[in-house]
Amino acid sequence: MTLALDPTAQNLLFHEAHTASSFTEQPVSDAQIQEIYELVRLAPTAFNQSPLRLTLLRTPEARERLVRHMAEGNRAKTTAAPLTALLSVDLHFHERLPELLPHAPRLKDTVFAEPESRERAGSLNAALQAGYFILGVRAAGLAAGPMTGFDHAAVDREFFGDGRQRVLLAMNIGVPAPDAYRPRAPRLAAADALTTL
């Protein structure tokens, strides 16, 4: 084994971690989410653009606003989850670049001046941060249930009517219930995914 990460951490983050479909009633606190964010915000994005935004849906009213736009198979588990978060891309992330990349403040007005380039770069890097966030949730001893089965345009209108953000996925978060996991689906072997030139 050449990995520096010990087997217990490997199991927590990867081997024994699954996408959860059900959770206990134990709440997920703001402090837990903030601690997870403080960890995962350190992971890299291109030009340190950090475009991911998290919207925590805690009230029944907020949850219902999401659930009505979800695919049928995602509704009950989202209603019952202790916490649901919307992970979105800030399409105006460039406005923070002078603060986040102080040695190159002009990138805001050059590389990311056009909305199309911002959307392409922001979506890619926010998706990367969403992956980090899933690992952060697992590192906190919680389980994540990420979902894309919903009407994205309707959720954008419902929660991000000003057009500044675009939803990437919804994620249920909590302590997994005993029946939270289905068997893991197959993954590609290294021989199928790696190419050496």
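General remarks:
- Picking from residues in the stretch 24-63 that are assigned to a loop (DSSP other than H, G, I, E, B), among the aliphatic types (A, V, I, L, M) and closer than 30 Å to V111 by Cβ, the one that is least open to solvent (accessible area, probe 1.4 Å) is A43.
- Looking only at the stretch 64-79, and only at residues there that are assigned to a loop (DSSP other than H, G, I, E, B) and in contact (Cβ under 8 Å) with a residue 60 or more places away in the chain, the one that is farthest from R106 (Cα to Cα): A71
- Checked against (1) open to solvent by less than 70 Å² (accessible area, probe 1.4 Å); (2) at pLDDT below 95, R106 passes all but condition (1).
- In the stretch 141-160, residue most open to solvent (accessible area, probe 1.4 Å) [restricted to those that are part of a loop (DSSP other than H, G, I, E, B) and within 17 Å of A177 (Cβ to Cβ)]: G141
- Considering only residues in the stretch 65-83 that are within 16 Å of D151 (Cα to Cα) and touching a Ser or Thr at 6+ places or on another chain (Cβ under 8 Å), the one that is surrounded by the fewest Cβ atoms within 10 Å (Cβ to Cβ) turns out to be V67.
- When the residues of the stretch 184-197 are filtered to those that are in a loop (DSSP other than H, G, I, E, B) and not hydroxyl-bearing (S, T, Y), the one that is surrounded by the most Cβ atoms within 10 Å (Cβ to Cβ) is R184.
- Total residues in the stretch 161-178 satisfying the condition of being exposed (fewer than 10 other Cβ atoms within 10 Å of the Cβ) and either more than 20 Å from G122 (Cβ to Cβ) or among the aliphatic types (A, V, I, L, M) (or both): the figure is 1.
- Residue in the stretch 24-38 that is within 24 Å of L91 (Cβ to Cβ), polar (S, T, N, Q), at pLDDT 95 or above and in contact with a Leu (Cβ under 9 Å, 6 or more places away or on another chain) present: no
- Residues located in the stretch 109-140, provided they are open to solvent by less than 20 Å² (accessible area, probe 1.4 Å) and not in a helix (DSSP H, G or I): F112
- Meets criteria (surrounded by 12 or more Cβ atoms within 10 Å (Cβ to Cβ) and either more than 21 Å from T84 (Cα to Cα) or over 12 Å from the mean Cα position of the chain (by Cα) (or both)) for Y181: yes
- Residue check for T2: without any contact (Cβ under 8 Å) to a residue 60 or more places away in the chain, polar (S, T, N, Q), open to solvent by 70 Å² or more (accessible area, probe 1.4 Å) and outside any helix (DSSP H, G or I): yes
- Hey, D6 acidic (D, E) and under 16 Å from the mean Cα position of the chain (by Cα) or not: no
- All positions within the stretch 152-174 that are of a type outside the set (G, A, S) and over 17 Å from the mean Cα position of the chain (by Cα): R157, E158, D162, R164
The values are calculated or read from the model by the stated rules, or taken from the named source; none is laboratory data. This structure is a prediction, so every number in the text was calculated from the model and none was measured. Cβ atoms come from the backbone with ideal geometry, glycine included; neighbour counts cover every protein chain shown. The protein model used for the area step is the full one, side chains on, heavy atoms only, and it has no ligands, DNA or RNA in it. Shrake-Rupley method; radii C 1.70, N 1.55, O 1.52, S 1.80 Å.
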